[in-house]
Amino acid sequence: MMNIHDFTKKKLAGEKISVVTCYDHAFARLVARTSIDAILVGDSLGNVVQGLPNTLAVNVDDMIYHARAVRRGAPQAFIVVDMPFMSYQTSVEKALENAGRIIKETGADAVKLEGGKAILPQVRALVEAGIPVMGHLGFTPQSLLAFGGYKVQGKGDAAAETLLSDAVALEKAGAFAVVLEMVPAAVAEKVSKACTLATIGIGAGTATDGQVLVITDLLGMDPDFAPRFVRKYANLSSDILSALENYAAEVRDVRFPSEKETFH
Ligand code: KIV
């Protein structure tokens, strides 16, 4: 089982870290049977599970509900849980209270917060309270409205410098890792080389210390969603659609259930 120090150990050993999101018990049981290093219960559950247009409406109770199901399916996994929008930005006290609930009520190993220098007091307080923190820089979905859309971040010298100094500040504040989302590969490489905290990329090239993908994206469960940074390792949407159509047809034709599937 991974712990926070293994992230740094793997980075220093040049071993890439694989992270996948997960939101429920059924998928957690499957992830637990693989060599994936860590699970992120992302607030992307707003989009993926709740059908919302973005992550902004997700709340702490939603995160706890899903993280508990994931923990039950993957009892040994290293699980990081996202702190949702406005559960930590407003004050250190609020961050402590909500992160404390997440850790105590879900059995998660760490929380993830979006942002750099603006949330350093929160990161420091959580780390001091014994709650491991993963940061998240670059395109941070909770700032979607401020960014004005899904745009690559850290482009240009000034933005790249800010991103680098934010990563260094998070490391100094005690974060054990940071997600770098939708940033130019060269910027992610610079950050990864400059920091000892592990960098986990999504749309950030190959030089990061690991990668994270949303599980439904990598399994190809949405035929209408294919952002540039996603690789579909399966095409489950077509498997699922044909399984459902087969089932419906066999029910109509009274080919299901068979004798073998019937009690007497
Ligand atoms: O919420 C999420 O799934 C995330 C990943 C995209 C990194 O934050």
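Scanning segment 144-162 for residues that are farther than 26 Å from L45 by Cβ and either modelled with pLDDT under 95 or assigned to a helix (DSSP H, G or I) (or both) gives D157, A158, A159, A160, E161, T162.
Annotation note: Cβ proximity below 8 Å between a residue of segment 30-55 that is over 22 Å from M2 (Cα atoms) and a residue that is of a type in the set (D, E) and part of a loop (DSSP other than H, G, I, E, B) (sequence gap 6+ or interchain) occurs for V49/D24; T55/D43. How many residues are more than 19 Å from R228 (Cβ to Cβ) and open to solvent by 50 Å² or more (accessible area, probe 1.4 Å) when one looks only at segment 128-155? The qualifying residues number 5.
Count of segment 178-191 residues, restricted to those that are open to solvent by 10 Å² or more (accessible area, probe 1.4 Å) and either in contact with a helix residue (DSSP H, G or I) (Cβ under 9 Å, 6 or more places away or on another chain) or among the hydroxyl-bearing types (S, T, Y) (or both), is 5. Residue pairs whose Cβ atoms lie under 8 Å apart, sitting 6 or more positions apart in sequence or on different chains, and linking a residue in segment 108-125 that is within 13 Å of the ligand (Cβ to nearest atom) to a partner that is open to solvent by less than 10 Å² (accessible area, probe 1.4 Å) and of a type in the set (D, E), are V111/D82; K112/D82.
From the list I240, I200, the one residue that fits, being outside any loop (DSSP other than H, G, I, E, B), closer than 17 Å to D37 by Cβ and open to solvent by less than 80 Å² (accessible area, probe 1.4 Å), is I200. Confirm whether D61 is among the charged types (D, E, K, R) and within 15 Å of the ligand (Cβ to nearest atom). No.
The values are calculated or read from the model by the stated rules, or taken from the named source; none is laboratory data. Since the model is a prediction, treat every value here as computed from it, not as a measurement. All Cβ positions, even for glycine, are placed from backbone atoms using ideal geometry, and neighbour counts span all protein chains on display. Note: accessible area is taken over every heavy atom of the protein model, side chains too, but ligands, DNA and RNA are not part of it. Shrake-Rupley method; radii C 1.70, N 1.55, O 1.52, S 1.80 Å.
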